[in-house]
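The block underneath contains the structure these notes are about, expressed in structure tokens.
The values are calculated or read from the model by the stated rules, or taken from the named source; none is laboratory data. Keep in mind that what you see is a predicted model, and the values were worked out from it rather than measured. Please note: Cβ atoms are built from the backbone with ideal geometry, for glycine as well, and neighbour counts cover all protein chains shown. Surface areas here come from the heavy atoms of the whole protein model, side chains and all, with no ligands, DNA or RNA. Shrake-Rupley method; radii C 1.70, N 1.55, O 1.52, S 1.80 Å.
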Amino acid sequence: MVVVGADTTESIKTIEFAKAFPDRLFQLGIAEPNMISVAAGLAAAGKIPFAATYSVFGSAHTYNVIRQNVAYTNLNVKIFCSHAGLTVGPDGATHQINEDIALMRGIPRMTVLVPADGPETAKCVDAAGAMKGPVYCRFSRTNVPTVTAAGDGFTIGMARVLRDGFDVTLIGCGIMVARCLEAAATLEKERISARVINLSTVKPLDLATIDRAARETGGIVTAEEHTVVHGIGAAVASAIAANHPVPIAMVGVQDVFGESGEAEELLHKYGLTAEKIVEGAHDVLKRRDR
Amino acid sequence: MVEVSEQLIAGLKKKAVTLRKHIIRMTHNAQSGHPGGSMSACDIVTALYFHVLRVDPSNPTWPDRDRFVLSKGHACPVWYAALAERGFFPVEELMTFRKLNSRLQGHPELGTTPGVENAAGAEGQGLSFSVGLALASRMDHKAWRTYCVLGDGEQDVGQTWEAAMAASKYGLDSLTAFIDRNGIQQEGRTEDIMPLEPLAEKWEAFNWHVLTIDGHDFRQILAAIEEAHRTRGRPTAVIARTVKGKGVSFMENKIKYHGAATSDDELKLALAELEAMEAAF
């Protein structure tokens, strides 16, 4: 295992890896396309490179390099990006990428992971390192409540049901999983039983778990810290449309850029809250029972 | 300097003509592809594949092989021709170039074509990829070397210079870059599209060991490679002055043949010229 970095090793903590293995971290400067291709070359010679930086640079700025040098080549490169989504906060829209899931899930051969919390991020590192082929994993800078346990199983390609329910299903990824659980608790008080699914693998999609949710609960709300254009909402919608169509509501960034602000302020302003998920559930139930 | 025999040079010259004939036939058969830049890089590729590279056609993924990376992916006809002549796959397969279900894609694909080491097509990624290879070779204390062929049009690409900085930062002396300086890119002369000169000085400023040679003179190509092998602590950039379309009179220095195949009549003329050259050996 080796790590390549792009002048962000301190803020995303890969510097800790360099402290343990000084010869195995390559600091390549503010040159992300080069960083990705160098990782590909290392992988071609048998290394397992983790390329890590901020999501906006590790996905959008390097898109065609990832496409040609990592995915088309099917090389064993693991792209782990922090600072995804609105919760980057005060840095503003230039740094708040809400489109990276859309970009990465469109690339053939790419595995796309969005862990819900710290323990799951660690499992993503292990699982990505253990599998062969390209991986893109994105997570947020902000603190998030821990919703998974260290002992929980984790398998790439498998969504986990965190809470069972029968009236509606809330499918979230990343920081929105905690908000789905919060929304489910609110719905329970209204005697609405909500299933909560942690969709930490966006690609390959766990079609069986999604299909079962559609059949058993009859309505779905998705929640993501990402644009609703080609994000997990779109992925789930196409899956259920092909198998068992049910009403769906998508909580996420509504095809707009973000702005400066504190993480919580931004989530509130852009509608990425438990309240919006509850509203989504009401909307889905209304449409289903019409 | 190691003695380079007349016999070796004659053999390489002859092989290069064979490769050029393949390039003309392949691109004619496909009625597409990039003959001009394949012909300009032909002598460099010939010298590498038929004298320098430690590769094993019967075991293309031998871990200790030297790595050849073609950054200017559009010139893959010369790569495929060299690989076929070197025995990586049958020569007959060359005629499937750019056809449906072929292992010989319009631009190189890793994992499909025996002997191909990288995917290229979008310009400017190959040198970075080579930096990764050279870092891995050093980490594992291996002797294998990395040779990367870049186009001069690729000198426009920012990533080429990102890679140049990284290679010199890490002092990658097992990395040799050839810049196929044919002076022509898709839409015209490089100096009109985006002036590159002074090019050698640019590479020197990036702290590379820089050599400028005639990219069609085998003695100079081999001497440059030998000097690169002797150079410690720095990667070597060989600026190879070449002629686009080299070897066929009516194609030489013509912008058109960057990305255009020969017509039926031109094919006959081109092959006649190359065969006359072959007969003279």
Inset, instruction - List the residues of segment A:29-52 whose accessible area drops by at least 10 Å² when all protein chains are present, compared with their chain alone, using a 1.4 Å probe and counting only protein heavy atoms. - result: A:ALA31, A:PRO33, A:ASN34, A:SER37, A:VAL38, A:GLY41, A:LEU42, A:ALA44, A:ALA45, A:LYS47
Inset, instruction - Hey, could you grab the Kirkwood Rh for the protein assembly as shown? Inverse mean 1/r over distinct alpha carbon pairs, Å, one decimal. - result: 25.6
Legend entry - Relative contact order [Cα under 8 Å, 6+ residues apart], chain B, whole percent: 24
Inset, instruction - Return the carbon/sulfur percentage of the accessible area of segment A:161-261, one whole number, probe 1.4 Å, all protein chains in place. - result: 55
Inset, instruction - Express the carbon and sulfur contribution to the solvent-accessible surface of segment B:143-255 as a percent, rounded to the nearest whole number, probe 1.4 angstrom. - result: 51
Legend entry - 1.4 Å probe, heavy atoms, protein only - residues of segment B:74-118 losing at least 30 Å² accessible area vs chain alone: B:GLU109, B:LEU110
Legend entry - Under the Karplus curve 6.51 cos²θ - 1.76 cosθ + 1.60, θ = phi - 60°, whole-Hz ³J(HN,Hα) for segment B:70-78, x wherever Gly or Pro sits: 9, 6, 7, x, 5, 8, 4, x, 5
Legend entry - 1.4 Å probe accessible area per residue over chain B, in Å²: 38
Legend entry - A:ILE171 long-range amide H proximity, modeled H, under 5 Å: A:ILE197, A:VAL221, A:THR222, A:ALA223
Inset, instruction - Quick one: what are the phi-derived ³J(HN,Hα) couplings along segment B:107-120, Karplus 6.51/-1.76/1.60 with θ = phi - 60°, whole Hz, x for glycine and proline? - result: 9, x, 10, 6, x, 9, 9, x, x, 6, 10, 8, 9, 8
Inset, instruction - Quick one: net charge around A:GLY118, please, counting Lys, Arg +1 and Asp, Glu -1 for every other residue with C-beta under 13 Å from its C-beta. - result: 0
Legend entry - Local electrostatic count, B:ASP217, Cβ distance below 12 Å [Lys/Arg +1, Asp/Glu -1]: +2
Legend entry - Cα shape, chain B, gyration tensor, a/c 1.5 rule: rounded
Legend entry - For segment A:178-276: accessible area per residue (Å², 1.4 Å): 42
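Rounded to the nearest 20 debye, what is the charge dipole size of segment B:6-279 about its Cα centre when +1 sits on each Lys and Arg Cβ and -1 on each Asp and Glu Cβ?
480
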Legend entry - Loop-resident sites, segment B:123-213, for trypsin sites (Lys or Arg not before Pro), counting at most 16 other Cβ within 10 Å (DSSP): B:LYS142
Inset, instruction - Quantify how much of the Cα-Cα distance distribution of chain A extends past 34 Å, in percent. - result: 18
Inset, instruction - Report the longest stretch of chain A that contains none of the GluC sites (Glu not before Pro) sitting in a DSSP loop with at most 15 other Cβ atoms within 10 Å. - result: A:11-189
Inset, instruction - Could you pull out the pairs from A:LYS132/B:LYS244; B:LYS72/B:LYS268; A:LYS47/B:LYS72; A:LYS13/A:LYS47; A:LYS13/A:LYS203; B:LYS99/B:LYS169 whose alpha carbons sit more than 30 Å apart here? - result: A:LYS132/B:LYS244; B:LYS99/B:LYS169
Inset, instruction - Using only protein heavy atoms and a 1.4 angstrom probe, determine the accessible area buried between A and B, summed over both sides, in Å² to the nearest 100. - result: 2000
Inset, instruction - Would you mind giving the mean number of other chain beta-carbons within 10 Å of the Cβ of each residue in B:159-170, as a whole number? - result: 4
Inset, instruction - Using a 1.4 angstrom probe, figure out how much accessible area segment A:2-138 has per residue, in square angstrom, rounded to the nearest whole. - result: 31
Inset, instruction - Check the straight Cα-Cα distances from A:LYS276 and name the lysines below 22 Å, setting aside those fewer than 8 residues away within the same chain. - result: A:LYS189, A:LYS286
Inset, instruction - Towards the positive end of the charge dipole of the protein assembly as shown, with charges on Cβ (+1 Lys, Arg; -1 Asp, Glu), say which of A:ASN74, A:ILE248, B:LEU150 has the farthest Cα. - result: A:ASN74
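Calculate, for A:ALA60 and B:ASP264, the FRET efficiency according to 1/(1 + (r/R0)^6) with r their C-beta to C-beta distance and R0 45 Å; round to the nearest 0.05.
Efficiency for this residue pair is about 0.45.
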Inset, instruction - Using the Karplus curve 6.51 cos²θ - 1.76 cosθ + 1.60 with θ = phi - 60°, work out ³J(HN,Hα) for each residue of segment A:19-30 in order, rounded to whole Hz, and write x for Gly and Pro. - result: 5, 7, 10, x, 8, 10, 10, 10, 8, 10, x, 7
Inset, instruction - Could you tell me whether segment A:2-138 comes out rounded, prolate or oblate from its Cα gyration tensor? Rule is a ≥ b ≥ c as square roots of the eigenvalues, rounded for a/c under 1.5, then prolate if a/b exceeds b/c, otherwise oblate. - result: rounded
Legend entry - R0 of 41 Å, Cβ-Cβ distance B:LEU100-A:PHE166: FRET efficiency to nearest 0.05: 0.20
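Got a sec? What order do B:MET194, A:MET35 fall in by accessible area at 1.4 Å, biggest, i.e. largest, first?
B:MET194, A:MET35
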Legend entry - For chain A, calculated [θ]222 nm from helices alone, where every DSSP H run of n ≥ 4 adds -39500 (n - 2.57): -10000 deg cm²/dmol
Inset, instruction - Could you rank B:TYR170, A:TYR72 by how accessible they are, 1.4 Å probe, largest area first? - result: A:TYR72, B:TYR170
Legend entry - Length-normalised contact order for segment A:160-289 - Cα pairs under 8 Å, 6+ apart - percent: 28
Inset, instruction - Whenever you get a sec, line up B:LYS13, A:LYS132, A:LYS13 from highest to lowest accessible area (probe 1.4 Å, protein heavy atoms). - result: A:LYS132, A:LYS13, B:LYS13
Legend entry - Value of relative contact order over chain A, rounded to a whole percent, pairs C-alpha under 8 Å and six or more apart: 16
Legend entry - Carbon/sulfur fraction of accessible area - segment A:2-138, other protein chains in place, 1.4 Å, %: 56
